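The values are calculated or read from the model by the stated rules, or taken from the named source; none is laboratory data. Because the structure is predicted, anything quoted here is derived from the model rather than measured. Glycine also receives a Cβ, built like all others from the backbone with ideal geometry; neighbour counts cover every protein chain displayed.
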Amino acid sequence: MDRPVTLLGIESSCDDTAAAIVRGVPGDMQVLSSVVFGQTDLHAAFGGVVPEIAARAHAERLDISVMGALEQAKVVLTDLDGIAVTCGPGLIGGVVSGVMTAKGISAATGLPMYGINHLAGHALTPRLTHGVAFPYLMLLVSGGHCQFLIAHGPDRFERLGGTIDDAPGEAFDKVARLIGLGQPGGPAIEAAAHDGDARRFVFPRPLSNKPGCDMSFSGLKTAVLRARDDLVAQAGGLRAQDQSDLAASFQAAVSDSLTGKSARALERYLVLKPSHPTFCVAGGVAANMTVRAGLEMISATHGATFLAPPLALCTDNAAMIAAAGIEQMQTRAPDGMDLSARPRMPLDTQSMAMLGSGKKGAKA
Ligand code: KG4
Ligand code: ZN
């Protein structure tokens, strides 16, 4: 395809209502606008995302998100070439809201509509931000997912492995709660860990001796719980230094696990002999500087370029969905009005279903 196309992207699979306009050709795209309405405040009192509240908020905010994205990009509906919408995996109420919005716009304008797997949106982000050539290795590490993928093409992904239980972001959030830090847990733990001693507690690096790229984070969370309980039993509570040391030791264990398994994933990817080996990371946990440093180091030792998209495109957004639509327009026909919203939707349908977080579909 030579002619640049302009797509509207819609994302509402978890707790961000987002719309964006992206223009370009596969591998050379520009974000004209990206609007994201977060819902953290709505869920704060409940200690997690409440699906019903999320769905209602999406339904209320989708139209203003779309109008905002069009306005900021200075385009109108007739300038568009298509609509891309997340059709799964995610919280079903939110996904349905987004899909219905896309169907409404498509029916009213005649624009072709593409249902996009949310995970494909994350996995194709390096094409949007850096025009990275296929195949590249991807680590998707967020509040709901953790998997290594080789991106072979716009809709061809090979999953090398992933978490068998909690996602790392989920572990950061739970551990923050356990040791009395705020939410979201990732940034709170990272800040506390700054003044902490990462060697004070020796937490497990689960599955590190097992071959393959699978990971596990729930035992680590339990180990932190035990260490906390011991400290509380000894001293009657946690001091700020205890919180920092627990945070630093936990963060080091997550980083070591991700880095160790990244080495294995890189080895498998390099068998393909890519001309410019590239290891990309996406998802909220990629914001963590300790994790990032570990991934950068392991990329360098394997002769691969390490790439992390800007944070706003690493976390949930609709630009990645529009960009995935531009990529997939080349490889398949648009979806019809029978496009369904799916709570679960594996990217790599050839490999075995994951046991853990990959099935929850709450956050991706
Ligand atoms: O990708 P994301 O915005 O949302 C989805 O999960 O889809 O990721 C959010 C997750 C949360 O669990 C949050 O605690 C974690 O990413 N996170 C971090 C950091 N910033 C966000 N984890 C570790 N360190 C951080 N600096
Ligand atoms: Zn996501």
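Of all residues in the stretch 152-160, at least one satisfies being touching a Leu at 6+ places or on another chain (Cβ under 6 Å), in contact (Cβ under 8 Å) with a residue 60 or more places away in the chain and of a type in the set (Phe, Trp, Tyr). Among the residues of the stretch 165-210, those identified as without any contact (Cβ under 8 Å) to a residue 60 or more places away in the chain, more than 10 Å from ligand 1 (Cβ to nearest atom) and closer than 18 Å to VAL141 by Cα are ARG205, PRO206, LEU207, SER208. Please specify each residue of the stretch 180-193 satisfying the condition of being assigned to a loop (DSSP other than H, G, I, E, B) and over 18 Å from the mean Cα position of the chain (by Cα). Correct list: GLY180, LEU181, GLY182. Within 16 Å of ligand 1 (Cβ to nearest atom) and acidic (Asp, Glu): which single residue out of ASP256, ASP230 fits that description? On inspection, the qualifying residue turns out to be ASP256. The residues of the stretch 270-309 that are within 16 Å of ligand 1 (Cβ to nearest atom), not in a helix (DSSP H, G or I) and not small (Gly, Ala, Ser), listed by number, are CYS280, VAL281, ASN288, PRO309. Going by what's in this entry, would VAL75 be described as part of a loop (DSSP other than H, G, I, E, B) and closer than 25 Å to VAL141 by Cβ? No; evaluated as a whole, the condition is false for this residue. Screening SER13, SER65 for residues that are part of a loop (DSSP other than H, G, I, E, B), at pLDDT 90 or above and not acidic (Asp, Glu) leaves exactly one candidate, SER13. Looking at THR86, is it within 12 Å of ligand 2 (Cβ to nearest atom), at pLDDT 95 or above and either in the same structural domain as ASP15 (by TED's automatic domain parsing) or not in a helix (DSSP H, G or I) (or both)? Yes, satisfied.
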